[in-house]
Amino acid sequence: MYKPNTLAAAVLATLASTLATSALAAADLKIALIAGKTGILESYAKETETGFMMGLEYLTGGKMEINGRKLKVIVKDDQSKPDLGRTLLAEAYGDDKADIAVGTTSSGSAIAMLPVAQEYKKVLIIEPAVADAITGDKWNRYIFRTARSSMQDALAAASTLKAGSVAFLAQDYAFGKDAVKAGREALAATGSKAQVVHEQYAPQSTSDFTAPAQRIFDALKNKPEPRVLQIVWAGPNPMNKLADMKPERYGIILSPGGNILPVMKTWKNFAGTQGTIYYYHGFPQNKMNDWFVAEHSKRHKGPPDMFTAGGFAAASAVVTALTKANSGDTEKLIAAMEGMEFDTPKGKMSFRKEDHQALQSMYHFKIKKDQKNEWDLLELVREIPASELPLPLRNKR
C-alpha cells in the first residue's frame with residue numbers, strides 16, 4: 001500500500017526533474033564576440049561584427065536559435081589591447097558563462113587570449129587575426145580559426161610569382177614580421193624561383209614613405225626581373241604613396257595584398273595591377289553569397305567586405321558546431337569541430353583536425369580598367385583552391 005505522502009513526494013520529484021530538464025533545454029546558448037571596436041583596427045572590427053550577426057541571422061532563418069535554444073551574443077571591445085583582450089575573455093567565460101567565444105581583430109590580442117581558453121577549457125574561434133603562431137607554437141586544443149593565416153596569404157601570393165626578385169614592405173610589429181616570414185617560406189614551398197632581396201619594416205603610424213621606399217628601390221632596381229614590391233599592410237594602405245614615387249622607373253611592380261573596399265577604391269589608377277585576396281564580393285558564386293551581397297547592399301548601401309565575410313564564416317562555424325554537437329559542452333564541441341566542414345560566403349571551409357585551421361580557397365585578382373560603379377573594383381584571374389596551398393603544420397601536435 002502506498003502512503004499518500006510518499007506518492008506526493010514521488011510526483012513532486014518527477015515534476016521537478018521534468019521542469020529542470022525543460023529549463024536546461026531552454027537555456028540560452030551564449031556566444032561572446034570580442035573585437036577591437038576602438039583603435040587602429042576599428043573598421044575591421046565593425047565589419048566582423050556586422051558579418052557575424054548577419055551570418056547568425058541567415059543560418060538560423062532569422063530565429064536566432066539552435067535546436068530550440070535562443071542565441072545570446074555578448075559583444076566586448078578589447079581596443080586591440082592584449083591585456084584587455086585577455087581580461088575580457090576571462091570575463092566572458094567566467095562571469096557571463098559563454099559557451100563559446102569568437103575573436104579578435106588584433107593578432108597580439110588574440111595570442112594573449114589563447115591561454116585563457118585553455119584555462120577555462122572553452123572553445124575560442126579566432127576571427128580575423130592571422131598570425132601563424134595562433135595555430136602554431138601558441139596553439140592549444142581549444143583554439144579553432146576561421147580566419148586565414150599569414151601563411152595562407154603568403155602561399156596564395158607566392159602561387160602567382162614564378163621567378164624574379166621580391167622586396168617586402170610591412171608594418172613593424174607581429175603581423176608584419178609574421179607575414180614576411182611566411183612570404184619567404186611560401187616562395188620555397190610553392191617551388192618559386194623568385195629571390196627575396198629586401199625586407200623593409202615601418203611603424204604602423206608611418207605617413208611619409210619616402211625613406212623606406214627609396215631603400216626598397218635601391219635594393220630592387222638592378223636585380224633580375226620581374227621586380228616585385230609586395231605590400232603587407234593592415235589599415236590605410238600606402239600603395240598610392242608608393243606609386244607617387246614612380247617605382248616603374250626602376251622596372252618595379254607593386255603587388256598589394258587584398259584590402260578593405262574603401263582602400264581598394266583608391267586604386268583605380270592602377271588598372272592591371274595584380275594581387276591576391278581572401279574575399280571579394282563579386283567572386284564566389286553560391287546561394288549564401290548571393291543573399292549576403294544583396295542583403296548587405298540593401299542595409300548598408302554597399303557590398304560586404306573581406307572582414308564582413310570573415311565574421312559570417314565564424315558565425316557559420318559556431319552554428320554548425322552547436323547544431324552538430326547539440327550542446328554547448330566543450331568536449332562535444334571539439335569532437336564536432338575537428339574535421340568539420342561548413343558553408344561560408346566563400347564556399348566550403350573545413351577545420352583541419354591537427355591544428356584546427358580552416359582550410360579555404362583564396363583569389364588571384366587584377367584591378368579592373370573599366371569599373372561600372374564605385375564597388376566594381378576587381379577582376380577574377382582565378383580561384384586558388386585550398387589543395388594548391390600547401391599549409392605546413394606548426395603546432396607539433
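The values are calculated or read from the model by the stated rules, or taken from the named source; none is laboratory data. What you see is a predicted model, and the numbers here were worked out from it, not measured in a lab. For neighbour counting, all protein chains shown are included, and Cβ atoms are generated from backbone atoms with ideal geometry for every residue, glycine included. Please note that ligands, DNA and RNA were not included when accessible areas were found on the heavy atoms of the full protein model with its side chains. Shrake-Rupley method; radii C 1.70, N 1.55, O 1.52, S 1.80 Å.
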| remark: Quick count over the range 25-62, residues being within 19 Å of Asp290 (Cα to Cα), touching a residue at least 24 places away in the same chain (Cβ under 8 Å) and in a helix (DSSP H, G or I), is 11
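Looking at the range 65-106 only, could you name the residues that are assigned to a helix (DSSP H, G or I) and either in contact (Cβ under 8 Å) with a residue 40 or more places away in the chain or polar (S, T, N, Q) (or both)? Before you say what the answer is, go through the steps one by one.
Of the range 65-106, the ones assigned to a helix (DSSP H, G or I) are 82-94.
Once the filter is applied, which keeps residues that are assigned to a helix (DSSP H, G or I) and either in contact (Cβ under 8 Å) with a residue 40 or more places away in the chain or polar (S, T, N, Q) (or both), the range 65-106 yields Gly85, Thr87, Leu88, Leu89, Ala92, Tyr93.
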| Test for Gln285: is it farther than 25 Å from Ser107 by Cβ, open to solvent by 50 Å² or more (accessible area, probe 1.4 Å) and part of a helix (DSSP H, G or I) | no
| task | Of the conditions (1) aromatic (Phe, Trp, Tyr); (2) part of a helix (DSSP H, G or I); (3) under 16 Å from Gly275 (Cβ atoms), Phe175 clears all except one; give me its number. | result | (3)
| So, of the residues in the range 58-73 that are open to solvent by 20 Å² or more (accessible area, probe 1.4 Å) and either β-branched (Val, Ile, Thr) or on the phi > 0 side of the Ramachandran plot (or both), which turns out to be nearest to the chain's Cα centre (by Cα)? | Val73
| said: So in the range 316-341, with the set limited to residues that are open to solvent by 50 Å² or more (accessible area, probe 1.4 Å) and of a type outside the set (A, V, I, L, M, F, W, C), which one is farthest from Lys121 (Cα to Cα)? | reply: Glu341
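May I ask you to verify whether Val116 is buried (at least 24 other Cβ atoms within 10 Å of the Cβ) and either modelled with pLDDT of 95 or more or touching an Asp or Glu at 6+ places or on another chain (Cβ under 6 Å) (or both)?
So Val116 does not fit the description; no.
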| message | Suppose we filter the range 216-234 for residues that are part of a loop (DSSP other than H, G, I, E, B) and touching a strand residue (DSSP E or B) at 6+ places or on another chain (Cβ under 8 Å); how many remain? | response | 7
| message | Here's a check for you: in the range 203-233, which residue that is crowded, with 16+ Cβ neighbours inside 10 Å and touching a Phe, Trp or Tyr at 6+ places or on another chain (Cβ under 6 Å) is modelled with the lowest pLDDT? | response | Gln230
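Name the single residue, out of those in the range 141-177 being aromatic (Phe, Trp, Tyr) and farther than 23 Å from Leu359 by Cα, that is surrounded by the most Cβ atoms within 10 Å (Cβ to Cβ).
Among residues in the range 141-177 that are aromatic (Phe, Trp, Tyr) and farther than 23 Å from Leu359 by Cα, the one surrounded by the most Cβ atoms within 10 Å (Cβ to Cβ) is Phe168.
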| Which members of the range 320-354 meet the condition of being farther than 13 Å from Thr146 by Cα and part of a helix (DSSP H, G or I)? | Leu322, Thr323, Lys324, Ala325, Thr330, Glu331, Lys332, Leu333, Ile334, Ala335, Ala336
| query | Within the range 342-354, restricting attention to residues that are closer than 30 Å to Leu261 by Cβ and among the basic types (Lys, Arg), which residue is surrounded by the most Cβ atoms within 10 Å (Cβ to Cβ)? | reply | Lys346
| query | Does any residue in the range 206-219 that is closer than 12 Å to Ile252 by Cβ come within less than 6 Å, Cβ to Cβ, of a residue that is assigned to a helix (DSSP H, G or I) and open to solvent by 20 Å² or more (accessible area, probe 1.4 Å) six or more places away or on a different chain, and which pairs are these? | reply | Phe217/Tyr250
| request: Search the range 297-311 for residues that are under 15 Å from Gly55 (Cα atoms) and pair each with any residue that is among the acidic types (Asp, Glu) and part of a helix (DSSP H, G or I) when their beta-carbon atoms are under 7 Å apart and the residues are at least 6 apart or on different chains. | output: Asp305/Glu47; Phe307/Glu47; Thr308/Glu47; Gly311/Glu47; Gly311/Glu49
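Would you check if Ile111 is of a type in the set (A, V, I, L, M) and within 16 Å of Ile31 (Cα to Cα)?
Details: of a type in the set (A, V, I, L, M): yes; within 16 Å of Ile31 (Cα to Cα): no.
In short, no.
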| field | Hits in the range 258-272 (condition: open to solvent by 30 Å² or more (accessible area, probe 1.4 Å) and not aliphatic (A, V, I, L, M)) | value | Pro262, Lys265, Thr266, Lys268, Asn269, Phe270, Gly272
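Residues to consider are Glu341, Glu374, Glu331, Glu379; find the one that is under 17 Å from the mean Cα position of the chain (by Cα) and acidic (Asp, Glu). Reasoning before the result, please.
Numbers: Glu374 fails: under 17 Å from the mean Cα position of the chain (by Cα); Glu331 fails: under 17 Å from the mean Cα position of the chain (by Cα); Glu379 fails: under 17 Å from the mean Cα position of the chain (by Cα).
Unique residue meeting the criteria: Glu341.
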| How many residues does the range 355-397 hold that are surrounded by 14 or more Cβ atoms within 10 Å (Cβ to Cβ), of a type in the set (D, E, K, R) and part of a loop (DSSP other than H, G, I, E, B)? | 3
| note | Here the residues within the range 74-104 that are open to solvent by 30 Å² or more (accessible area, probe 1.4 Å), under 18 Å from the mean Cα position of the chain (by Cα) and farther than 15 Å from Ile40 by Cα are Val75
